[in-house]
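Engineer: Could you have a look at this structure, given as structure tokens, before my questions?
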Number of protein chains: 2
Amino acid sequence: MSQQVYNFGAGPAMLPVPVMERIREEFLDFQGMGVSVIEVSHRAKQFEKVLLDAQESFRQLTNLPDNYKILFVHGGARMQFSALPMNLAGRSASKKCLYVETGNFAKLANKDAKGYGDIQVIASSADTKYDRLPAITPEMIDQDAAYLHITTNNTLYGSRYSQFPDAGNVPLIADQTSEILSRVVDYSKFGCIYAGLQKNLGPSGTAIVVIREDLLGHASAETPVLLNYEQCAKDNSLTNTANTFAREDQ
Amino acid sequence: MSQQVYNFGAGPAMLPVPVMERIREEFLDFQGMGVSVIEVSHRAKQFEKVLLDAQESFRQLTNLPDNYKILFVHGGARMQFSALPMNLAGRSASKKCLYVETGNFAKLANKDAKGYGDIQVIASSADTKYDRLPAITPEMIDQDAAYLHITTNNTLYGSRYSQFPDAGNVPLIADQTSEILSRVVDYSKFGCIYAGLQKNLGPSGTAIVVIREDLLGHASAETPVLLNYEQCAKDNSLTNTANTFAREDQ
């Protein structure tokens, strides 16, 4: 290559050179199949192994408890800003969804959620231009809420949680896009974490959602099938095209 | 490569070898940037040129009229099965959305649409196992409907429209996934066509939506921002991450 550039920008980030080189090497002929991995069916056994290996690696690296599902979903982290309340607001009769606003993306997260629940920003540092993480005390967290949403790292503002809020029995949900797999996190403290892949894990356009099993099954009726986390878990992220549940109807 | 395999399957299809070779060649260093195209920001001028060139090429190849927008969206064609009625049912007070059912995907298209409009299957060949395209006569098409949806090619069943139905003033919408750019089509006869890229145009997970401008602006209030075609057109398919309209709020 002409020169290697170190990309430390706030957008899509670098992938490790050995990973990129291996992708290039296999690009026209994946595992002797004579075609690229981007040309094979997502139901091919070779692709299934890619998917299962990625999930298993993530599970081992994070010491993820068995009662969490790992989903790969469309649209990057921002699509989840809407999908989260569609999937989770219904777990509380009040449909209260609590948000901590610590930057541009934290603000978008609660803005894009509006209309799918009773969206409440319980703390914000917007008035000091997101120069700090506002303190969260237990009495700020309505225990009837469907979830509490935080953004664990706010690249543009240089803030990051060293200790996560204790939300009691309310599931803690975290957008971890800009730091996922860059530090050890005890995922058993979270109901759900999610991240766009483009910072630390892969190309843009896809996101990972790690969700505790008891949080599945609360999607509102108007949730599109491809944004429904329970369906995604049932199909192990392979809902696209005619899937098993569709064929059963035939 | 070990051997070139000809993939004529119903799933993701082959891309031309010269295209694949060029991707491989540029994979670690896109246009001398020192990084891969999958590592650069979607707001970089080099990536913007990729986007604009793809749109311009499609426009020229299809002789697309100026009053149509070309959108690149998430989730493949199946995500559009829900997004279409979210965006378009509202253009008719009755919210009637008419479907012709000519195969598995045509069936999924109307199934995934349920809940976002008054979904009506006006003709189906399901009872003869999709062995034909049912005849569509003008009196079958309620002129108050928001749109009429067809699937132009049904690979598994070997059926393809040689002449498209005349829907009068009702916009004709077509899932063209399995044949897009494989034959000359007069897009001025359509309100909207869409296709997953994975058959003829590129990798899985993305779709192209070509939509007449007057059909934008009818999305229901609960349409997620990343499924809103009007927003996508405004942002020229770059809504992801903090975009202009978000920054205006700060």
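The values are calculated or read from the model by the stated rules, or taken from the named source; none is laboratory data. All of these numbers come straight from a predicted model, not from anything done at the bench. Because the Cβ atoms are built from the backbone with ideal geometry, glycine has one as well, and the counts that use them run over all protein chains shown. Just so you know, the surface numbers come from the protein's heavy atoms only, side chains and all, with ligands and any DNA or RNA stripped out. Shrake-Rupley method; radii C 1.70, N 1.55, O 1.52, S 1.80 Å.
Engineer: Going through the range B:72-89 one residue at a time, which ones are open to solvent by less than 10 Å² (accessible area, probe 1.4 Å) and aromatic (Phe, Trp, Tyr)?
Structural biologist: B:Phe81
Engineer: Within the range B:74-92, which residues are in a helix (DSSP H, G or I) and either aliphatic (A, V, I, L, M) or on the phi > 0 side of the Ramachandran plot (or both)?
Structural biologist: Selection gives B:Gly76, B:Ala77, B:Met79, B:Ala83, B:Leu84, B:Met86, B:Leu88, B:Ala89.
Engineer: Now for a different question. If a residue has to be surrounded by fewer than 22 Cβ atoms within 10 Å (Cβ to Cβ), out of contact with any Pro (no Cβ under 9 Å at 6 or more places or on another chain) and closer than 15 Å to B:Phe58 by Cβ to count, how many in the range B:187-202 make the cut?
Structural biologist: 3
Engineer: Among A:Ser188, A:Ser162, which is the only one that is without any contact (Cβ under 8 Å) to a residue 40 or more places away in the chain and either on the phi < 0 side of the Ramachandran plot or not hydrophobic (A, V, I, L, M, F, W, C) (or both)?
Structural biologist: The match here is A:Ser162.
Engineer: Do we find that B:Leu71 is farther than 22 Å from A:Gly202 by Cβ, assigned to a loop (DSSP other than H, G, I, E, B) and at pLDDT 95 or above in this structure?
Structural biologist: It is false that B:Leu71 is farther than 22 Å from A:Gly202 by Cβ, assigned to a loop (DSSP other than H, G, I, E, B) and at pLDDT 95 or above.
Engineer: When you scan the range A:139-164, how many residues do you find that are under 21 Å from A:Gly191 (Cβ atoms) and surrounded by 13 or more Cβ atoms within 10 Å (Cβ to Cβ)?
Structural biologist: Count: 16.
Engineer: Checking the conditions here, which among B:Lys45, B:Lys95, B:Lys107, B:Lys69 is away from chain A (no Cβ under 14 Å) and open to solvent by 40 Å² or more (accessible area, probe 1.4 Å)? Working first, answer last.
Structural biologist: Working: B:Lys45 fails: away from chain A (no Cβ under 14 Å); B:Lys95 fails: away from chain A (no Cβ under 14 Å); B:Lys107 fails: away from chain A (no Cβ under 14 Å).
Criteria check complete, one pass: B:Lys69.
Engineer: When you scan the range A:112-124, how many residues do you find that are surrounded by 17 or more Cβ atoms within 10 Å (Cβ to Cβ) and at the interface with chain B (Cβ under 10 Å from one of its Cβ atoms)?
Structural biologist: Total meeting the criteria: 3.
Engineer: Moving on to the next point. In the range A:143-167, which residues are touching a strand residue (DSSP E or B) at 6+ places or on another chain (Cβ under 9 Å) and more than 20 Å from B:Thr241 (Cα to Cα)? Let's see the steps before the verdict.
Structural biologist: Our first condition is that a residue be touching a strand residue (DSSP E or B) at 6+ places or on another chain (Cβ under 9 Å); within the range A:143-167, this holds for A:144-154, A:159-161, A:164-167.
Correct list: A:Asp144, A:Ala145, A:Ala146, A:Tyr147, A:Leu148, A:Tyr161, A:Phe164, A:Pro165, A:Asp166, A:Ala167.
Engineer: Another question, if that's okay. For the range A:11-31, name all the residues that are within 9 Å of chain B (Cβ to nearest Cβ) and open to solvent by less than 50 Å² (accessible area, probe 1.4 Å).
Structural biologist: If the condition is that a residue be within 9 Å of chain B (Cβ to nearest Cβ) and open to solvent by less than 50 Å² (accessible area, probe 1.4 Å), then A:Gly11, A:Pro12, A:Ala13, A:Met14, A:Leu15, A:Val17, A:Met20, A:Phe27, A:Leu28, A:Asp29 are the ones that fit.
Engineer: Where the second residue is among the hydroxyl-bearing types (Ser, Thr, Tyr) and not in a helix (DSSP H, G or I) and the first is touching a residue at least 60 places away in the same chain (Cβ under 8 Å) and lies in the range B:32-51, which pairs have Cβ atoms under 9 Å and are six or more apart or on separate chains?
Structural biologist: Qualifying pairs under 9 Å: B:His42/A:Ser204; B:His42/B:Ser237; B:His42/B:Thr241; B:Arg43/B:Thr241; B:Leu51/B:Ser237.
Engineer: To continue, here is another question. Using the structure shown, decide if B:Leu133 is within 11 Å of chain A (Cβ to nearest Cβ) and touching a Phe, Trp or Tyr at 6+ places or on another chain (Cβ under 8 Å).
Structural biologist: Values: within 11 Å of chain A (Cβ to nearest Cβ): no; touching a Phe, Trp or Tyr at 6+ places or on another chain (Cβ under 8 Å): yes.
Judged against the criteria, B:Leu133 is not a match.
Engineer: For the range A:125-138, name all the residues that are in contact (Cβ under 8 Å) with a residue 12 or more places away in the chain and open to solvent by 70 Å² or more (accessible area, probe 1.4 Å).
Structural biologist: Once the filter is applied, which keeps residues that are in contact (Cβ under 8 Å) with a residue 12 or more places away in the chain and open to solvent by 70 Å² or more (accessible area, probe 1.4 Å), the range A:125-138 yields A:Lys129, A:Asp131, A:Arg132, A:Ala135, A:Pro138.
Engineer: Condition first: away from every other protein chain (no Cβ under 14 Å), surrounded by fewer than 19 Cβ atoms within 10 Å (Cβ to Cβ) and either assigned to a loop (DSSP other than H, G, I, E, B) or β-branched (Val, Ile, Thr) (or both). Now tell me which residues in the range B:203-229 satisfy that.
Structural biologist: Result: B:Gly217, B:His218.
Engineer: Is it the case that some residue within the range A:165-182 is open to solvent by 40 Å² or more (accessible area, probe 1.4 Å) and touching an Asp or Glu at 6+ places or on another chain (Cβ under 9 Å)?
Structural biologist: No, the conditions are met nowhere in the range A:165-182.
Engineer: Please specify each residue of the range A:206-250 satisfying the condition of being at pLDDT below 95, hydrophobic (A, V, I, L, M, F, W, C) and closer than 18 Å to B:Lys107 by Cα.
Structural biologist: A:Ala242, A:Phe245, A:Ala246
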